[in-house]
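Here the structure is laid out as structure tokens; the discussion comes afterwards.
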Amino acid sequence: MRNRPDYLAHGILALGVVLFALPVWLVLAGSTQDSNAIARGELSLVPHLSSLGVYARVLTQGTMGTEPVWHMLLISLGMALAIAGGKIVISVLSAYAVVFFRFPGRQIAFWLIFVTLMLPVEVRIIPTYAVMADFGLINRFNGLWIPLIASATATLLFRQVFVAIPDELVEAARMDGAGPLRFLYDIVLPVSGANIAALFVILFVYGWNQYLWPLLVATDPGLDTIVIGIVKMIGVETQTDWAAVMATAVLALLPPVVVVLVMQRWFVAGLTEGEK
């Protein structure tokens, strides 16, 4: 007996695709239409291909007194890569120390890291700002990402991966004369490759979408991220160039989408590896 297609499941999936894709399509279509028509609510679902020049304009010139979009995209890209890379490096090393090293208070150290998950970002943001001010990192690119590279969640995830490494493998490496760094590079990191890739995608998107911290720590327009730039473009509603805002929003979608598509295979493998 042939299996019949599950029409209900396919229908639900199709509905989900429409709900997620329709807003993106509206933004794409709106970016090619007249801003006054958009402000009046006369948004067409059909893009006007003759108006695609708005993308070149916002990329090179910006709008409403903002920096060119290419510059804001570059700031966001650098920030997202630094946050993702920094979180992974620090989390791998801290989880590695907690799992494979024996030192007094290691469990206390781990639980202190874990407890930070219970603190909202808003609770830590004022003392973090004070520390950054003391180090002279206000209105500096380093100040955008350095406070965000510690991650209790990533440390916990890597700890769970490292705990699953068999003790026999650890003993075999020790008998072969492998030191801590060689064991980390030759065994631990390859085993964790899929998890690192999955976490990189999540952390890159997290860094790309940052709004509150860049808004607080960087008042220099030259350090505006793409998210901050979009908010500044809106300005006074009656004077907003909505076509430029929507074109910028479309451009802001592209880097995270490219990262997800490029790393899709490793991302899925990292999310499902724990089930094997």
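Could you check, for region 193-200, whether at least one of its residues is surrounded by fewer than 16 Cβ atoms within 10 Å (Cβ to Cβ) and either outside any loop (DSSP other than H, G, I, E, B) or in contact (Cβ under 8 Å) with a residue 24 or more places away in the chain (or both)?
yes
Conditions (1) farther than 18 Å from Met79 by Cα; (2) buried (at least 17 other Cβ atoms within 10 Å of the Cβ); (3) at pLDDT 90 or above, marked per residue:
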residue	(1), (2), (3)
Phe204	no, yes, yes
Gly207	no, yes, yes
Thr219	no, no, no
Glu237	yes, no, no
Phe267	yes, yes, no
**Report entry** For Leu73: the one exception among (1) over 28 Å from Thr219 (Cα atoms); (2) in contact with a helix residue (DSSP H, G or I) (Cβ under 8 Å, 6 or more places away or on another chain); (3) surrounded by 12 or more Cβ atoms within 10 Å (Cβ to Cβ)
**Finding:** (1)
Query raised in the report: Hey, does region 83-103 have a residue that's on the phi > 0 side of the Ramachandran plot and loosely packed, with under 11 Cβ neighbours inside 10 Å?
Result: no
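Whether any residue in region 174-182 is assigned to a helix (DSSP H, G or I) and surrounded by 17 or more Cβ atoms within 10 Å (Cβ to Cβ) is what I want to check.
Quick first cut of region 174-182, residues assigned to a helix (DSSP H, G or I) only: 174-175, 180-182.
Within this subset, residues satisfying the condition of being surrounded by 17 or more Cβ atoms within 10 Å (Cβ to Cβ) are none.
No.
Among Ile138, Ile149, Ile187, which is in contact with a Lys or Arg (Cβ under 6 Å, 6 or more places away or on another chain) and not acidic (Asp, Glu)? It would help to see each step written out before you state the result.
On the way: Ile138 fails: in contact with a Lys or Arg (Cβ under 6 Å, 6 or more places away or on another chain); Ile187 fails: in contact with a Lys or Arg (Cβ under 6 Å, 6 or more places away or on another chain).
The conditions single out Ile149.
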**Report entry** In region 89-111, residue farthest from Pro190 (Cα to Cα) [restricted to those that are among the hydrophobic types (A, V, I, L, M, F, W, C) and out of contact with any helix residue (DSSP H, G or I) (no Cβ under 9 Å at 6 or more places or on another chain)]
**Finding:** Ile108
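When region 221-235 is examined, which residues are found to be crowded, with 21+ Cβ neighbours inside 10 Å and either without any contact (Cβ under 8 Å) to a residue 40 or more places away in the chain or assigned to a helix (DSSP H, G or I) (or both)?
Across region 221-235, the qualifying residues are Ile226, Ile228, Gly229, Ile230, Met233.
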Query - Single residue of Leu13, Leu26 found to be closer than 24 Å to Ile234 by Cβ and modelled with pLDDT of 80 or more - result: Leu26
Query raised in the report: Looking at region 35-46, is at least one residue within 18 Å of Ile234 (Cα to Cα) and in contact with a Gly (Cβ under 7 Å, 6 or more places away or on another chain)?
Result: yes
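Look through region 1-60, keep the residues that are of a type in the set (Gly, Ala, Ser) and part of a loop (DSSP other than H, G, I, E, B), and return whichever of them is surrounded by the most Cβ atoms within 10 Å (Cβ to Cβ).
Here is the first cut: in region 1-60, the ones of a type in the set (Gly, Ala, Ser) are 9, 11, 14, 16, 21, 29-31, 35, 37, 39, 41, 44, 50-51, 53, 56.
Subset that is part of a loop (DSSP other than H, G, I, E, B): 31, 41, 44.
On the way: Ser31: 25, Gly41: 6, Ser44: 14.
The residue in question is Ser31.
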Requested in this report: Search region 102-127 for residues that are among the hydroxyl-bearing types (Ser, Thr, Tyr) and pair each with any residue that is at pLDDT 80 or above when their beta-carbon atoms are under 8 Å apart and the residues are at least 6 apart or on different chains.
Outcome: Thr116/Ala152
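Applying the selection to region 70-88, what residues are among the aliphatic types (A, V, I, L, M) and without any contact (Cβ under 8 Å) to a residue 40 or more places away in the chain?
Going through region 70-88, the residues among the aliphatic types (A, V, I, L, M) turn out to be 72-75, 77, 79-84, 88.
Correct list: Leu74 only.
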Query - For Glu67: the one exception among (1) under 30 Å from Gly193 (Cα atoms); (2) touching a residue at least 24 places away in the same chain (Cβ under 8 Å) - result: (1)
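The values are calculated or read from the model by the stated rules, or taken from the named source; none is laboratory data. None of these values were measured; they are calculated from a predicted model. In this analysis, Cβ positions are derived from the backbone assuming ideal geometry, glycine residues included, and neighbour counts consider all displayed protein chains.
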